[in-house]
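In what follows, a single structure is set out as structure tokens and then discussed.
The values are calculated or read from the model by the stated rules, or taken from the named source; none is laboratory data. Keep in mind that this is a model prediction, so the values were computed, not measured. Using ideal geometry, Cβ is built from the backbone for each residue, glycine included, and neighbour counts are taken over all protein chains shown.
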Amino acid sequence: MDKKYILKALRPLKIKIYLHKAIKILLSALLVSGFISLILVIVSRFAVIPFVRHKMFMITVTGFFMALFVSLYFIPSRKQLIMTADSLGLKERVITAWYLIDDDSEIAALQRQDTKRVLENTKLTAAYKMSIEKSLYILAICFITTAFLLTFIPGRVFNETRIRESLIQQMKEHEKLIEEEINSQKQKSPDISDEQLSQLKEALEKLKEEFKKSESEEDALKALAQMENLIEKLKVQDPLNDLKTLESILSDSPLTKDLAEALKNDHEEALQEALEQLAEELENEEKAKEFTEMLNQAAMNMSDNSMLADALLNLASTAGSESISRNELAQRLMEIVQQTEENASGQQDFKKALADVSEALEKARRSITAVVQRIASNNAGKKTGQSEGNNGSNQGKGGQQPGSGRKIQKGAGSENRSESQGGSQSGNESGSNQQSAGAGAGAGEGTTSIDMGYNEGDLPGRGRAPGERKEEEYKKIYVPERLGGEGDETNLPGRKLDSGSSTYSEADGAPVKKGAMVPYREVLSKYREEAVQTMERQDIPIGMKELVKSYFSTLD
């Protein structure tokens, strides 16, 4: 018997010991992950944390793999394995045989034979018991289950979280669509130069960075507006006209007159000769300085956002230093000119590509705005329904007081009155809980002159004074361009009871024409969107932008 035999005999026990430790570590990791997830879910009920279930899943998976990694450091060593085996009834036979493995004495040989016999007849894996505390896995399961179930219970910021999640999904979706549109332009328009395509990709990278920072609809629209501004700047580029400007500046100097003539005639050999001659002339410091000034002047005379102007300015700044040779300077100028000619030949296709990208940006803007408006409208409808349900639960309350009562309501375009008298009358109001000094009631809601009754929500025991009105949670406001346009008609149910009487008078503007009013949130979103785009187009101080942003935040 040798050491290999002992290790082979103890291998099943080694695996079981490792599994025991790994399970404990894994359950501990799940316990910690569940606790962190529970804290995260609780915080998400008071603060906006999008995709909290996905974050819970990532926390649990991360804890699982970290536990597997940590468990590798708890593989039992040889000494620990031998001591564990001896503790299972071998009475130090294994460790004695291990240290006497090289002893050739008769006693050592007998001891090894005894150890071998015991190892063959003893099932160490059955003797080793894997004990795990119940509290460890029970708490882990409770934490994870509780955290998961809490995600289905709406919290204080449930609506805001839904909006943020929808916003993130829309941003990722349209970010991918815009990227696909840009990548497909090389196939749609093969004449587009690599430099022009790289400009589109740079604009996309800026959009991605801004999308990552976006926390609201306003931020997302601002990011789209920034990319739209970049696209507009690229549209006004005119590389062909920039080349003509460069030729005009170069032709005014004897130093570069031949070069300008070669550019004008598009003669490659003449251009190469002119550049070689220019490189020789630039060895003179005065002529090199004159050449640098010409480059700066040409760049200043070109249109805004000109790629050629930027390249010439960079070349001029490099020419002023000694880090570049004159031959290399001339060669760089030739490369810039060739690149500009390539851009000029693909300018028409480039403009088509810019138009396609602009259309994709417009779709993204409309989609983001529509999603946020839809969620906001659904939330408003739920709140209104809850309010009506609470008011309706109070119906059926009547009054028994002698005397008479009188109510007056003035609305938009109509006047409703209800009177009732009696010594002991009772009535009810459908959808309201108001009572007057006398018994009796009128019921109904309406926005037109043919609807009778009152609106809900008045305090018991008093009516509304003339001119007094009840504010609803979501009012509607007028938008000039929507007057007379398309709109949805809303009919509010109402009925008049047999008791009491009501009168109304005609008024201008009643009933309201279809399309005259739109929901407040929809109008606010349009104004906010227009404000964001206007601020991005114009040079407005940062302080003023923050003021406008704060103003719209207070209107939510």
Confirm whether Leu263 is modelled with pLDDT under 85 and either surrounded by 18 or more Cβ atoms within 10 Å (Cβ to Cβ) or among the aromatic types (Phe, Trp, Tyr) (or both).
yes
Considering only helices (runs of 4 or more DSSP H) wholly within the range 131-237, the ones with at least 1 residues that are surrounded by 14 or more Cβ atoms within 10 Å (Cβ to Cβ) and of a type in the set (A, V, I, L, M, F, W, C) are 134-150, 158-183, 194-213, 217-235
Here, helices (runs of 4 or more DSSP H) confined to the range 44-127 with at least 2 residues that are surrounded by fewer than 16 Cβ atoms within 10 Å (Cβ to Cβ) are 52-71, 78-85, 106-121, 124-127
From the option list Ile23, Ile75, Ile15, Ile42, single residue qualifying as in the same structural domain as Ile141 (by TED's automatic domain parsing), under 30 Å from Ile153 (Cα atoms) and at pLDDT 90 or above is Ile42
